[in-house]
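To start, the structure itself, in structure tokens.
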Amino acid sequence: MPRCDHVVFRVADLERSVPFYERLLPARLVSRVQRADRWRSEIATLEPLGQSDFRIVLIQPHRVSWLLRLFHALVPRQTRSHEHTGFACASREELGLRIELARELGAVVTNPPTQVEGRDAWVCEVLDPDRNALEWTFGRLHD
């Protein structure tokens, strides 16, 4: 049986969001990195206390942070919740079986299982009937 091992949220302000999760859950900040992608995304990874196998990943794309603030102000919460929910599989074989089952159930597979660069980890994404993104993984993606 797969288990949920992370969630990812796009946020407008990491300076506000990181302390919120640290206090509310509580959680500890595991890493915070600036990416060189076209959005200049900054990514903070948190671990809820007592859950060393679960991560909350917060992404702030700096080049469009003004747009996210506007988006969060104008779009109801129910329509912008989180980017995806991640489910960890016990093996690459199980990952393949989950993708096959998703296809059998009519889900859209947006990317096939792909190895994560520099890691012994695999990831793929499926859209549920409501087009919510579900990420299926094998191996450790978030440190």
Based on the inverse mean of 1/r over its pairs of different Cα atoms, what is the Kirkwood hydrodynamic radius of region 83-143, in Å? 11.5
Calculated from backbone phi, Karplus (6.51, -1.76, 1.60) coupling profile of region 134-143 in Hz, x at Gly/Pro: 10, 9, 10, 9, 9, x, 8, 8, 10, 9
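How would you rank Thr85, Thr45, going from fewest to most other Cβ atoms within 10 Å of each one's own Cβ?
Thr85, Thr45
Is region 1-40 rounded, prolate or oblate when judged by the Cα gyration tensor, a ≥ b ≥ c being the square roots of its eigenvalues, rounded requiring a/c under 1.5 and prolate requiring a/b larger than b/c?
oblate
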Go through region 1-53 and name the trypsin sites (Lys or Arg not before Pro) that are in a DSSP coil and have 10 or fewer other Cβ atoms within 10 Å of their Cβ. Arg38
Amide H neighbours of Val116 under 5 Å, at least 5 residues apart or on other chains, H built in the peptide plane: list them. Ala121, Trp122, Val123
How do Trp122, Trp136 line up, fewest other C-beta atoms within 10 Å first? Trp122, Trp136
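No lab work stands behind these numbers, since they all come straight from the coordinates. Worth saying up front: this structure is predicted, and the values here are computed from it rather than measured. So basically every Cβ, Gly included, is an ideal-geometry build from the backbone, and we count neighbours across all protein chains shown.
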